[in-house]
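Single-structure report; data block below.
The values are calculated or read from the model by the stated rules, or taken from the named source; none is laboratory data. Because the structure is predicted, anything quoted here is derived from the model rather than measured. Using ideal geometry, Cβ is built from the backbone for each residue, glycine included, and neighbour counts are taken over all protein chains shown.
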Amino acid sequence: MGYESIKNYYETLVTFELQAQLSTKEGSEDFDYIEDVACVALNKLPPRYVRHHVDLIYYLTDEEKTKMESAVRIAVSDALAFVTKHRQR
């Protein structure tokens, strides 16, 4: 029995937010850096497992969506600062 269809919904949200926040930063092509930031951000968020993204989208209220998007924005911003700070040492 495999679990390949089970995904953490936040992974997609973090990926899109990370792309948006990195679009104006130099050095954003460093994949190790990007993956480190994604891991730190995801560790700050609660897991939200789904089989299909559409499953969650239809059951969330607008308020829940807004809260999730805000939490992702903050987590990615904080993760960028954390990884950048610790990388320069």
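Values computed for the structure shown
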read-out: Members of the range 76-89 that are assigned to a helix (DSSP H, G or I) and basic (Lys, Arg); value: Lys85, Arg87
read-out: Test: residue in the range 65-75 that is in contact with a helix residue (DSSP H, G or I) (Cβ under 6 Å, 6 or more places away or on another chain), under 23 Å from Phe31 (Cβ atoms) and either outside any helix (DSSP H, G or I) or β-branched (Val, Ile, Thr) (or both); value: yes
read-out: Condition broken by Val40, with the remaining ones in (1) part of a helix (DSSP H, G or I); (2) over 14 Å from Leu80 (Cβ atoms) satisfied; value: (2)
read-out: Single residue of Phe82, Phe31 found to be modelled with pLDDT of 95 or more and among the aromatic types (Phe, Trp, Tyr); value: Phe82
read-out: Complete set of residues in the range 9-37 that are farther than 15 Å from Ala75 by Cα and in a helix (DSSP H, G or I); value: Phe31, Asp32, Tyr33
read-out: Condition met for Ile6 (more than 17 Å from Arg73 (Cα to Cα) and of a type in the set (A, V, I, L, M, F, W, C)); value: yes
